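In what follows, a structure is listed as structure tokens, so that the remarks can point back to it.
Nothing in this text is a laboratory measurement; each read-out follows from the coordinates by a stated rule. Because the structure is a prediction, the values reported are computed rather than measured. For neighbour counting, all protein chains shown are included, and Cβ atoms are generated from backbone atoms with ideal geometry for every residue, glycine included.
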């Protein structure tokens, strides 16, 4: 039986591929692992059955036989460790690729999430502009450092890895802003990842959920 | 040759064990792995030699022979995978413990870091109180969910694991605030972890650095 993910029945990102199930769908597609998806409403996410799978009431969750895990980082690592294609074979290169998974989630994503929360919850405050500028400064510092490290390489460390998958998944949350575009090498890096057939398949699969929900 | 960490020569937390090298020191102590520490100044952290080890100019870094990695999550996982004592042997339990490492870093730590940044950079703003309350609400939601999941268990999932190590490391950043104390089971969980001999040894080692720096 293939693994089952949960995903939003009605994703707040309107099918832009920003919800965290997209990261795991993409990992499955990169390694050629079929998977199933169970859609959940916001009410279902807060109900005991879902909280048993995910203590923080979020998506995605991952179920496979007797195994149930949460956190997209843990899922991508789990998939990458069990299938060829997302981590190098050589032990040191593998450890470095795993560093990049953590860097995406622990160093890049937190200020980007803060930027999203500020734009969503603080827009009507008199101090919104001042605060957003401060958050954008923090993001710019990280993007500048990432751009310096990437240089003119295609990927962060050798071949495409789960570290790149997670980093691009995080960067694309900056969406229509110009923050990524300020670094042409980062913009090209994101575009290069998004052009991968596995990314396209995962994107289309989550977009189909949005289309079905909006017809509903 | 034992692995070498970098740590702050003069930690901004004044020896309270909140800097991220503490998490890796603790992991080393739990598994009985000797390690060395190289202290770095803030200027050294921004210089090319350190940026080659850590693209974002932070501590800790981890060097062992030809291997160099960054991100404390990657380091704790690396140590836990190579030594007994921090991850269960059974595959499913192991994957769940790894979920908790990611939960600590991706779900709990971001709003806690935001709380620290707000208290450090926004204290003189007219809107500080309003904003801090909003961040504390986000933290309270997560702590409530964590408290519900922990219940009256000693640890998050079976025996003490790298997931508990990381979760407690994150929770203790809330320090003197009452946020953790609002949940007696979480306060007891943090105290239980901090009473472990391995925690004490790691704490004393980083505190000795602070004492030496403050005498300098």
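For residue B:42, place a label point 7 Å out from Cα along the Cα→Cβ vector, do the same in each other copy, and report the separations in nm, one decimal, smallest first.
Here the equivalent label points are 4.2 nm apart from this one.
Which part of the stretch A:12-29 falls in the paramagnetic zone of residue A:4, meaning amide N under 19 Å from the point 7 Å along Cα-to-beta-carbon?
Counting only backbone N, you get A:21-22, A:24-25, A:28.
Normalising by the residue count of the stretch A:91-196, find the relative contact order in percent from Cα pairs under 8 Å and 6+ residues apart. If you can, show how the numbers build up before the last one.
Working: 82 pairs, mean separation 40.1, N = 106.
RCO, the stretch A:91-196: 38 percent.
Which value in deg cm²/dmol, rounded to the nearest 500, describes the helix-derived mean residue ellipticity at 222 nm for chain A, given -39,500 (n - 2.57) per DSSP H run of n ≥ 4 and division by the residue count?
Numbers: 10 runs with 120 residues, N = 216.
Mean residue ellipticity at 222 nm (helix-derived): -17000 deg cm²/dmol.
Residue A:208 label points, 7 Å along Cα→Cβ, one per copy: pairwise distances from this copy to the rest in nm, shortest first?
6.0
Once the cut-off is 16 Å, how many percent of the Cα-Cα pairs in the stretch B:91-196 end up in the long-distance tail? List each step's numbers first, then the result.
Numbers: 3175 of 5565 pairs.
Pairs farther apart than 16 Å: 57 percent.
Considering only DSSP beta bridges whose two residues both sit in chain B, what percent are antiparallel, to the nearest 5? Could you put the intermediate results ahead of the total?
Numbers: 6 of 11 bridges.
Approximately 55 percent, going by the DSSP bridge assignments.
Peptide B:105-114: average number of partner chain Cβ atoms within 10 Å per residue?
On the way: counts 8, 13, 8, 1, 3, 9, 4, 1, 4, 6.
Neighbouring Cβ atoms belonging to other protein chains average 6 per residue here.
Computed on alpha carbon atoms, what radius of gyration and Dmax characterise the stretch A:22-73, expressed in Å?
11.5, 33
Divide the volume of the convex hull of the Cα atoms of the protein assembly as shown by its number of residues and quote the answer in cubic angstrom per residue.
Working: hull volume 65.1 nm³, N = 432.
Each residue corresponds to 151 Å³ of Cα convex hull volume.
Hey, for residue A:129 with labels 7 Å out along Cα-Cβ, what do the inter-copy distances come to in nm, ordered shortest first?
Those separations, rounded to one decimal, come out as 2.6 nm.
Using a 10 Å cut-off on Cβ to Cβ distances, tally the other chain neighbours for every residue of A:91-98 and report the average as a whole number. Write out the running numbers ahead of the final one.
Details: counts 4, 6, 1, 2, 11, 5, 2, 8.
So the per-residue partner count for this stretch is 5.
When only Cα pairs under 8 Å and 6 or more residues apart are kept, what is the percent relative contact order across chain B?
Numbers: 267 pairs, mean separation 60.1, N = 216.
About 28 percent, as a whole number.
What average count of beta carbons from other chains do you get within 10 Å of the Cβ of residues in B:51-58?
Partner-chain Cβ atoms within 10 Å, mean over residues of B:51-58: 4.
Measuring from the lowest to the highest alpha carbon on each principal axis, how far does the stretch A:75-115 reach, largest first, in angstroms?
So the extents along the principal axes, rounded to whole Å, are 36, 19, 11.
What is the Cα radius of gyration of chain A over 2.2 N^0.38 Å, N being its residue count? Present the calculation step by step, with values, prior to reporting the outcome.
On the way: Rg = 17.5 Å, N = 216, 2.2 N^0.38 = 17.0 Å.
Relative to the rule-of-thumb radius for its length, chain A sits at 1.03.
When Rg is the radius of gyration of the Cα atoms in the stretch B:1-117 and Rh is its Kirkwood radius, what does Rg/Rh come to? Kindly include the intermediate steps, with their values, before the conclusion.
Numbers: Rg = 14.8 Å, Rh = 15.2 Å.
Ratio of gyration radius to Kirkwood radius for the stretch B:1-117: 0.97.
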